[in-house]
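Following: one structure in structure tokens, then a few remarks.
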Amino acid sequence: MTLLATRGLSKTFGALRAVDNVDFTVRPGEFLALIGSNGAGKTTLVNLISGLFRPDAGRIEFEGRDVTQQSVNERIRTGIARSFQLVNLFDQMSVFDNVALTVFARERKTRSLFALADRDAAVADEAAAILAQFGLATRARMVAGGLSQGERKLLDVAVAYALRPRLLFLDEPTSGVSTREKAPIMDVVTSVVRSQGITAVVIEHDMDVVFTYSDRIVAMHQGAILADGTPDEIRRNDQVTSTLIGTVAPA
Amino acid sequence: MSPAAARRSAAPQLAAAALVLIGLVAVPWLFSTFQTITVCYGLVFAIAALGYNLLLGYTGLLSFGHSAYFGMGAYTVALLVKYMEWTSMEAFVVAGVLGAGAVAALFGIVCVRYTRIFFGILTLALSQVLWSLALKLFWVTGGTDGLRVPTPKLFFSLLTPAEDKLEFLAYRYYYYVLILFVAATAVMWLIVHSPFGKALQAIRDNETRAEFVGVQVRRYRWVAFVVSGAFTGLAGALWVPLNGLTTPDIVYWPFSGRIVFFVVLGGFRTFWGPIVGAMAYNYLETYAVGYTVYWQLVLGIVFVLIVLTLPQGLAGTAEGLLRRMRRPAPAT
Amino acid sequence: MDTLLTQILNSLFYASTLFLIASGLSLVYGVMRIVNMAHGNLYAFGAYVAAWAVGLAASTLHWSLLFIVLLVGALAAAAVGALLEPTLLRPLYRRPEEYQLLMTFGLLLILEDVMRLVWGPHPLTASALSDALGSISFMGVTYPGYNLFVIAVGVVAAVGLGAFVYRTRFGVMLRATSQNMRMASALGIDVKRVYVQAFTLGCLMAGLGGAIVVPIQGAVLGMGIDALILAFVVVVIGGLGSLEGAAVGALIVGFVRTLGITYFAEVELAVLYLIAAVVLFVRPAGLFARA
Ligand SMILES: Nc1ncnc2c1ncn2[C@@H]1O[C@H](COP(=O)(O)OP(=O)(O)O)[C@@H](O)[C@H]1O
Ligand SMILES: [Mg+2]
């Protein structure tokens, strides 16, 4: 059983093979960690799957259906959502509106020009509930640009989550925050994701975090998949230990 | 924010707006004909500025070609007078809005593919296509002489033009414009506070992320472009009877610059900014023109000072001051 | 009279002046990412100053020396540029880019009226120069000598500017800054200085354009705005920020204008704008796009 599978997926930038003939699969319900040193191609792989880039070669299948040619919007409707490594929010809008807009868009309500957004109780309730789940309820009326880095990372995830995806890609949800803040963020993220039965792929550098939270680990190196296994298998995999874990720079 | 809280936060703004509205209703009673007509021009420009700001303030697109839609609104009316001998203002309004909206729909297809400076230059270039047509196809448009438009019949001919043209403009036509101004403002308020309006702001803030929450960026930009053009077209249609004449000057790009001026002067980060800016500009220009032939110099200096020292514009700065007075220690 | 050769020379003449204006606009954009809406008025300013200087000197100097006096116009525009960039543009670099565009729009309004204030509403001329060169006959056509001179200046300016940008140390700094401002700064390039120099150079080109055409067209109010729009068309066709683009764009616009005046005078401008729009549509960054 696979939820998502890529076949021979490739993307080059000039002479650089950022993603090189990758077969990557995600099983329903799992919490998968994608690891690899900087420049391994993790973000590019997510960019390809989420539709930001078109692949040079290869196919992407979601539940057996070919989505390679689908637009970003179609993929969202299919159930693929993502967060961003460098926080990507609507900075001048309120924290609440960041989430509410996403709910409106998901419900195709952004097509209505002549209705007050704030009067939509169903959307307001859902947005408030999502902010509460992510511990951001007290920040609802602040502008997103005014949040702390840790809160911004959480909001970035919350916005992706508000799409109610079936497959959620989280690109380094704890990058750029202090070590102390990492565990709380991951706790919130995993509890929300698991409680809703969402399949998640998390890109993460901190191996403690990776081993604590994931069911399965895929390691990339120079655009290719180096290893794929349970946390225990990866821990024992000398190749991974030598090429990756030893070299991972502290964030 | 709960709906109730939203209602509470909008209440002071609506109260202030109601006060201003009462003031506007009283204008013909309190002021001279000349001054009433000046306010009337201000209201017309405010409608154009509101439409313009849907693009600049809410969608993040700096157009330098809105003279095209203002001009289209005006020339649609003038041509209907010339060729169809229409006289009903209601018909003019509808036709002007449709005409400008149609041109915006066409130009928009090209323009919304770009952002930033390319969007600006493209809107400018396309507006100048219209300008050169208005100028050169003189057997249709009257060339530099323009086209004359007599005072129209208001409210389905219930109100016929009064004997004295100035009297008509400063009284009946003023209220006609005021009603449409209030309606246009209400509609624009609704639009920017609608889910669609939120989507535009999301596009303005972060185009990529907007796409990734399922907002089809180009399509939304196009709709915003058409709505913006239609509002500006409405202003153009209302402007012709006031001016009595339409010439290619209003399609020429400095007129687009003037609309930009309104919005920057008032502040494009607030809803009311464009209205404040249009009214203020109108006064500034009327008096600067009265005092000196170098009014453009005066305006230019004001503009440069605003950009340099008051980037939030008049309304934005005032709003900031008010907020600080109300909450001495800001939480952010 | 309207032989093919005359038409070609007319086109080259147009192209020459257009290149002088557009290259400065493009250079400033290429380095600073600012579209200077006041650029056309700096061109007009160059024209006014040149005409004024020639008028002062005409009675005392031999006509051949007046060609050097024309340069005063170019230098005056450059001086204005050197003054404006540090005072009015630099404070805005940290703001969203709209503000820079708006600032140059304000400058456009101001410059327009400053010229009216200083030189009055009536056109200035410097026809002494164009008269002095008379007409030249060759290959069966008679053509104004001064127009040939303008064509020559355009060619020299194109070659000179190209050599300057691609061959000199300063050119290297310009191009480095235009490609990556932060990187250039990290490499020890004084970006502030490069900016003021690039802006000054851009204004110099505009002023030169104005100074060169003034003996033929005179200096009139509104000439800056017309020139700006045409320069936009040129750089949009050629690609903003590209010198080669400015040259090719100027040639295209020059030839289309000449054709237009003969065959479709009514819609000549409309055709030009449409060409610009079509180019943007099919090649958003212009024919000579640079990243
Ligand atoms: N848009 C792009 N253009 C050019 N090169 C890119 C682009 N995106 C990524 N790269 C390059 O591709 C390689 C893989 O990058 P990325 O996928 O971001 O790695 P990771 O996320 O694993 O750190 C890197 O060498 C990076 O410089
Ligand atoms: Mg990455």
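The values are calculated or read from the model by the stated rules, or taken from the named source; none is laboratory data. Just so it is clear, the model here is predicted, and its values are computed rather than measured. Methodologically, a virtual Cβ is constructed for each residue, glycine included, from the backbone with ideal geometry; neighbour enumeration extends over all protein chains shown. Keep in mind that these areas ignore ligands, DNA and RNA; they rest on the heavy atoms of the full protein, side chains included. Shrake-Rupley method; radii C 1.70, N 1.55, O 1.52, S 1.80 Å.
Before moving on, here are some points about what is shown:
- Restricting attention to the range A:165-219, the residues being in a loop (DSSP other than H, G, I, E, B) and within 16 Å of ligand 1 (Cβ to nearest atom) number 8.
- Residue in the range B:281-292 that is within 13 Å of the chain's Cα centre (by Cα), part of a helix (DSSP H, G or I) and not charged (D, E, K, R) present: yes
- Residue that is farthest from ligand 1 (Cβ to nearest atom), among those in the range A:8-46 that are closer than 10 Å to A:Gly223 by Cα and among the charged types (D, E, K, R): A:Asp20
Every residue, every condition in (1) assigned to a loop (DSSP other than H, G, I, E, B); (2) within 14 Å of another protein chain (Cβ to nearest Cβ); (3) under 20 Å from the mean Cα position of the chain (by Cα); (4) at pLDDT 95 or above, yes or no:
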site	(1), (2), (3), (4)
B:Ser9	no, yes, no, no
B:Tyr52	no, yes, yes, yes
B:Phe64	yes, yes, yes, no
B:Tyr69	no, no, yes, yes
B:Thr76	no, no, yes, yes
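- If the condition is being modelled with pLDDT of 90 or more and open to solvent by 10 Å² or more (accessible area, probe 1.4 Å), then the range A:98-113 contributes A:Arg106, A:Glu107, A:Arg108, A:Lys109, A:Arg111.
- The set of residues in the range C:14-32 being open to solvent by 20 Å² or more (accessible area, probe 1.4 Å) and closer than 24 Å to C:Ser130 by Cα consists of C:Tyr14 alone.
- Only one of the listed residues (A:Phe90, A:Phe96, A:Phe62, A:Phe104) is farther than 25 Å from A:Leu155 by Cα, away from ligand 2 (no atom under 16 Å from the Cβ) and not aliphatic (A, V, I, L, M). That residue is A:Phe62.
- Scanning the range B:167-201 for residues that are in a helix (DSSP H, G or I) and closer than 21 Å to A:Ser112 by Cβ yields a count of 17.
- The set of residues in the range A:160-184 that are within 16 Å of ligand 2 (Cβ to nearest atom), more than 12 Å from chain B (Cβ to nearest Cβ) and crowded, with 17+ Cβ neighbours inside 10 Å comprises A:Leu170, A:Glu172, A:Pro173, A:Thr174, A:Ser175, A:Val177.
- Residue match in the range A:11-32 (condition: within 14 Å of another protein chain (Cβ to nearest Cβ) and away from ligand 2 (no atom under 16 Å from the Cβ)): yes
- Enumeration of residues in the range B:222-241 that are touching a residue at least 40 places away in the same chain (Cβ under 8 Å), over 13 Å from B:Gly146 (Cβ atoms) and open to solvent by 10 Å² or more (accessible area, probe 1.4 Å): B:Trp222, B:Val226, B:Val227, B:Ala230, B:Phe231, B:Leu234
- C:Thr87 without any contact (Cβ under 8 Å) to a residue 24 or more places away in the chain and among the polar types (S, T, N, Q): yes
- From B:Arg221, B:Arg204, B:Arg258, residue being within 12 Å of the chain's Cα centre (by Cα) and assigned to a helix (DSSP H, G or I): B:Arg258
- For A:Leu89, the test of being crowded, with 18+ Cβ neighbours inside 10 Å and assigned to a loop (DSSP other than H, G, I, E, B) is passed.
- Selection within the range B:127-140: residues that are open to solvent by less than 10 Å² (accessible area, probe 1.4 Å) and facing chain C (nearest Cβ under 8 Å). The member of this set that is farthest from C:Val278 (Cα to Cα) is B:Ser132.
- When B:Ile301, B:Ile259 are screened for being surrounded by 24 or more Cβ atoms within 10 Å (Cβ to Cβ) and either out of contact with any strand residue (DSSP E or B) (no Cβ under 9 Å at 6 or more places or on another chain) or not polar (S, T, N, Q) (or both), only B:Ile259 passes.
- Take the conditions (1) in contact with a strand residue (DSSP E or B) (Cβ under 8 Å, 6 or more places away or on another chain); (2) open to solvent by 20 Å² or more (accessible area, probe 1.4 Å); B:Pro311 misses just one of them, which is (1).
- Tally, over the range A:55-86, of residues that are in contact (Cβ under 8 Å) with a residue 40 or more places away in the chain, within 14 Å of chain B (Cβ to nearest Cβ), more than 10 Å from ligand 1 (Cβ to nearest atom) and in a loop (DSSP other than H, G, I, E, B): 3
- With respect to the conditions (1) out of contact with any Leu (no Cβ under 9 Å at 6 or more places or on another chain); (2) over 19 Å from B:Val213 (Cα atoms), A:Phe114 falls short on a single one, namely (1).
- Test: residue in the range C:18-36 that is under 12 Å from the mean Cα position of the chain (by Cα) and assigned to a loop (DSSP other than H, G, I, E, B): yes
- Positions within the range C:254-279 being within 21 Å of the chain's Cα centre (by Cα), among the aliphatic types (A, V, I, L, M) and either modelled with pLDDT under 75 or over 23 Å from B:Arg113 (Cβ atoms) (or both), in sequence order: C:Val256, C:Leu269
- Residue count, the range A:127-145 (criterion: open to solvent by 40 Å² or more (accessible area, probe 1.4 Å) and in a helix (DSSP H, G or I)): 8
- Some residue of the range C:67-84 being surrounded by fewer than 19 Cβ atoms within 10 Å (Cβ to Cβ) and not in a helix (DSSP H, G or I): no
- Selection over the range A:34-59 of residues that are near ligand 2 (Cβ under 9 Å from one of its atoms), among the aliphatic types (A, V, I, L, M) and farther than 20 Å from A:Gly229 by Cβ gives a count of 1.
- Residues that are in a helix (DSSP H, G or I) and within 15 Å of the chain's Cα centre (by Cα) do occur in the range C:177-199.
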